[in-house]
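Trainee: I'd like to ask you about the structure that follows.
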Protein chains: 2
Amino acid sequence: MTTLIFGHQSPDTDAITCAITFAEYQRQNGNTDVEAVALGTPSAETQFALDYFKQAAPRVIKTAANETDTVMLVDHNEAQQSVPDRDQVTIEYVVDHHRVANFETAAPLNMRLETLGSCNSVIYHMYKEAGFEISPQIAGLMASGLISDTLLLKSPTTTDEDRRIFAELQKIAGVDLEEYGLQMLKAGTNLSARTDQDLIDGDAKSFDMNGTHVRIDQVNTVDLSEVYDRQAGIEDAMKAEADKEGYDLFLVIATDILNSDSVGFAVGDHSKVEAAFGKQFDDQGRIALPGVVSRKKQVVPPLTAAYNG
Amino acid sequence: MTTLIFGHQSPDTDAITCAITFAEYQRQNGNTDVEAVALGTPSAETQFALDYFKQAAPRVIKTAANETDTVMLVDHNEAQQSVPDRDQVTIEYVVDHHRVANFETAAPLNMRLETLGSCNSVIYHMYKEAGFEISPQIAGLMASGLISDTLLLKSPTTTDEDRRIFAELQKIAGVDLEEYGLQMLKAGTNLSARTDQDLIDGDAKSFDMNGTHVRIDQVNTVDLSEVYDRQAGIEDAMKAEADKEGYDLFLVIATDILNSDSVGFAVGDHSKVEAAFGKQFDDQGRIALPGVVSRKKQVVPPLTAAYNG
């Protein structure tokens, strides 16, 4: 049976492209019966990258066990971010750059996690170690994931090694990645084309924080006022979703990718958010988060600490 | 503060030697402020290996947070097999070859797991990828862990890659590893020098199986009758320990390393063991496990399945 390779739910550009670049790694490693799939459709940003590098979007799956007994996870490991029937299949490989939680296997497996800015940076290392060829197309897709996750190397998750990899990928891809990257990020900020529901789902992840269900979504924009104009509708959608899914806290972070600042809206227990960032929501229900661009590094850790404190 | 590197509780030869070989890897990687330590004293088998390759035994620690804020784990990841105050320190690295369970971090980390016969095989790969030097002493210590975990390449956990690594290590160490390995394994089978308590602690690991506390110990021998002669005393010690620690099942596997067969004794719920192996304990309280030599591959998976079934 074909081994399925996929990233997390509500896939971002790194999740989608990692499935493609890691499937190619597996093929070069002699494991030809693999397929890159996805747990959702590409965002406008991701579609821009796929179109630019002439790559078809991966097939979307809802469940895995109906068609395979073996999967490989990229760019995630937490159960609630993965395919819902994951406990019915064998996880053979995990490549990731996140914390580890809600992850358990019955048997030994392969795992490769590094503290780098994108999961594609980890996969780049694996190609180099194995001496595998990185085609210009694969380099472009890897770079797209790296650019997306690090907001063009501006996020505090960016390491010197990511910058080195970015330069190497630029050489292989033969593309001005600074210019391409800004175009790609901007392609993901056309909020007017998206419904409120799509905005709160687009890049959302669930977390278990000390027994509490926390949902955190991130919306990139080049103009925060576009988000403010739609705040009431977004909050209605958040409330409906939180009621339906039982989230104790739903936090949406709107990030100005040009100025590297964010603003948060929350539904549920605001006090933990305020404790996490040491400041209050204003009377318009917004919490200013200057300099915050990384959910992983600047939102999840302080919020986890607030729930554990 | 010095980063501590250690293997699991009741350390076997792979756990002890991995701490040493991975500390050397870190040093060659420019991370000089590391110390290989251990969560217990070396067994007779491990001491034989350390003496042979002129390596001092690692310092034994009971807790970590009293002296450091950062640790690296080798040859394990499950919390109940690790240092008891692990939740008070940051886990920066995990190198392992076991299943993943009871493992959670607040922040991203480095992890490297491969489905190989020993954790030292994984570390060998990391040295080669980084182009680091493997001294004859380090090669001998790596080989000792590999020999111990695979019973001289006879365990079903042994992969072709482990055999290739064994041959490479033999060249570097300049030692006849077949002959050395048999001496090392035999050095660990002098049961007459060990108390009943030491026999049940020596290579014991705890597992959470569907909410049940399971303890599994393995005793290597060249003569199973030596173990039979002491069965009553061993079972008394098992009972006392199970009462004290609250184990629902305590299983001791005595393995004949020359014939690659095992026999099990159990305290607690025998039915799960019988379900796991599809056979009964005899009237002397023994369950024959022909061909079973690997706890990881031949005992933990069927027992886990029996508890989940």
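Trainee: Take chain A, connect every pair of alpha-carbon atoms lying under 10 Å apart with a spring to form a Gaussian network, then pick out the residue of A:Val89, A:Val252, A:Val122 with the largest mean-square fluctuation.
Mentor: It is A:Val89.
Trainee: Quote the accessible area belonging to A:Asp87 in square angstrom, nearest 10, computed with a 1.4 Å probe and with ligands, DNA and RNA left uncounted.
Mentor: Counting only protein heavy atoms, A:Asp87 exposes about 130 Å² to solvent.
Trainee: Moving on. Are there any GluC sites (Glu not before Pro) in segment B:119-212 that are in a DSSP loop and have at most 10 other Cβ atoms within 10 Å? List them by number. Provide the component values of the computation, followed by the final result.
Mentor: Details: sites: B:Glu129, B:Glu133, B:Glu161, B:Glu168, B:Glu178, B:Glu179; in loops: B:Glu133.
Those that pass, being in a loop and sparsely packed, are B:Glu133.
Trainee: Ordered by residue, what ³J(HN,Hα) values in Hz, to whole numbers, does segment A:78-90 give under the Karplus form 6.51 cos²θ - 1.76 cosθ + 1.60, where θ = phi - 60° and Gly and Pro are x?
Mentor: 5, 4, 6, 9, 10, 5, x, 9, 4, 5, 9, 10, 8
Trainee: Where in segment B:266-309 are there trypsin sites (Lys or Arg not before Pro) that are in a DSSP coil and have at most 11 other Cβ atoms within 10 angstrom of their Cβ?
Mentor: Hits after loop and neighbour filter: nothing returned.
Trainee: Given contacts defined as C-alpha pairs under 8 Å and at least six residues apart, what's the relative contact order of segment A:3-187, whole-number percent? Walk me through the intermediate numbers first.
Mentor: Details: 360 pairs, mean separation 41.5, N = 185.
In percent, rounded to a whole number, it is 22.
Trainee: Gain in length, A:Gln28 to A:Asn210, computed as 0.36 nm per residue apart minus the alpha-carbon separation, to one decimal in nm? Let's see the in-between values first.
Mentor: On the way: separation 182, 0.36 × 182 = 65.52 nm, distance 4.16 nm.
Once the chain is fully extended between A:Gln28 and A:Asn210, it gains 61.4 nm.
Trainee: Could you point to the residue in B:Gly202, B:Val292, B:Gln280 farthest towards the positive end of segment B:191-308's charge dipole, with +1 and -1 charges on the Cβ of Lys/Arg and Asp/Glu respectively?
Mentor: B:Val292
Trainee: Moving to a separate point now. Taking the label point 7 Å from Cα in the Cβ direction, how far apart in nm is A:Asp51 from each other copy of itself, listed shortest first?
Mentor: Here the equivalent label points are 7.3 nm apart from this one.
Trainee: Right, here's the next one. How many nm separate the modelled label positions at B:Asp160 and A:Asp51, each set 7 Å beyond the Cα in the direction of the Cβ?
Mentor: Roughly 4.6 nm, to one decimal.
Trainee: For a quick check: with amide H placed at 1.01 Å from N, whose amide H comes under 5 Å from B:Leu289's, ignoring anything fewer than 5 positions away on the same chain?
Mentor: The list, which skips near neighbours in sequence, is B:Ser262, B:Val263, B:Gly264.
Trainee: With +1 assigned to the C-beta of every Lys and Arg and -1 to the C-beta of every Asp and Glu, and no other charges, what is the dipole magnitude of the protein assembly as shown about the Cα centre in debye, to the nearest 20? Write down the numbers at each step before the final one.
Mentor: Numbers: 50 positive and 96 negative charges, 125 e Å.
Magnitude of the dipole: close to 600 debye.
Trainee: Does a label point 7 Å from the Cα of B:Glu129, set along Cα-to-beta-carbon, have any residues of segment A:71-94 with amide nitrogen under 13 Å, and which are they?
Mentor: A:94
Trainee: Which FRET efficiency, nearest 0.05, do B:Lys244 and A:Asp198 yield, Cβ-Cβ r, R0 56 Å?
Mentor: On the way: r = 57 Å, r/R0 = 1.02.
Efficiency computed from Cβ-Cβ geometry: 0.50.
Trainee: Hey, another quick one. Among B:Gln218, A:Gly145, A:Leu4, flag the residue with its Cα farthest along the positive direction of the charge dipole of the protein assembly as shown, charges on Cβ as +1 for Lys/Arg and -1 for Asp/Glu.
Mentor: My answer, from the dipole projection, is A:Gly145.
Trainee: Summarise the long-distance tail of P(r) for the protein assembly as shown by giving the % of C-alpha pairs beyond 45 Å.
Mentor: Working: 43476 of 190653 pairs.
Within the protein assembly as shown, distances greater than 45 Å cover 23 percent of Cα pairs.
Trainee: Only Cα pairs within less than 10 Å get springs; with that Gaussian network setup on chain B, which residue of B:Ala49, B:Ala232, B:Ala242 has the largest fluctuation?
Mentor: In the Gaussian network model the winner is B:Ala232.
Trainee: About the Cα centre of chain B, how large is the charge dipole given +1 on each Lys and Arg Cβ and -1 on each Asp and Glu Cβ? Please answer in debye to the nearest 20.
Mentor: Values: 25 positive and 48 negative charges, 84 e Å.
The calculation lands at about 400 debye.
Trainee: Among A:Ile172, A:Ile216, A:Ile16, whose mean-square fluctuation peaks in a Gaussian network model of chain A (Cα, cutoff 10 Å)?
Mentor: Highest fluctuation among the options: A:Ile172.
Trainee: Additional query: Give the separation of the Cα centroids, segment A:1-40 to segment A:161-228, in Å.
Mentor: So the two Cα centres are separated by 20 Å.
Trainee: What is the set of long-range amide H partners of A:Gly117 at a cut-off below 5 Å, with H atoms built 1.01 Å from backbone N?
Mentor: It is A:Thr159, A:Asp162, by chain and number.
Trainee: Got the B:Asp208 label distances to the other copies yet, label 7 Å along Cα→Cβ, in nm, shortest first?
Mentor: 0.9
Trainee: Sticking with this structure for a sec: Applying the Karplus parametrisation 6.51 cos²θ - 1.76 cosθ + 1.60 with θ = phi - 60° to the phi angles of segment B:194-207, what ³J(HN,Hα) value in whole Hz is obtained for each residue in order, glycine and proline being reported as x?
Mentor: 10, 6, 4, 4, 5, 4, 7, 9, x, 9, 8, 9, 9, 9
Trainee: Select from segment B:1-93 those trypsin sites (Lys or Arg not before Pro) which occupy a DSSP coil region and have at most 15 other Cβ atoms within 10 Å, ordered by residue number. Before the final figure, lay out the partial values.
Mentor: Values: sites: B:Arg27, B:Lys54, B:Arg59, B:Lys62, B:Arg86; in loops: B:Lys54, B:Lys62.
For trypsin sites (Lys or Arg not before Pro) across segment B:1-93 that sit outside H, G, I, E and B with at most 15 neighbouring Cβ atoms in 10 Å, the list reads B:Lys54, B:Lys62.
The values are calculated or read from the model by the stated rules, or taken from the named source; none is laboratory data. Note that the coordinates shown come from a computational prediction; the quantities given were computed from them, not determined experimentally. Don't worry about glycine lacking a Cβ; one is built from the backbone with ideal geometry, like all the others, and counts go over all protein chains shown. What goes into the accessible areas is simple: the full protein's heavy atoms, side chains included, and nothing from ligands, DNA or RNA. Shrake-Rupley method; radii C 1.70, N 1.55, O 1.52, S 1.80 Å.
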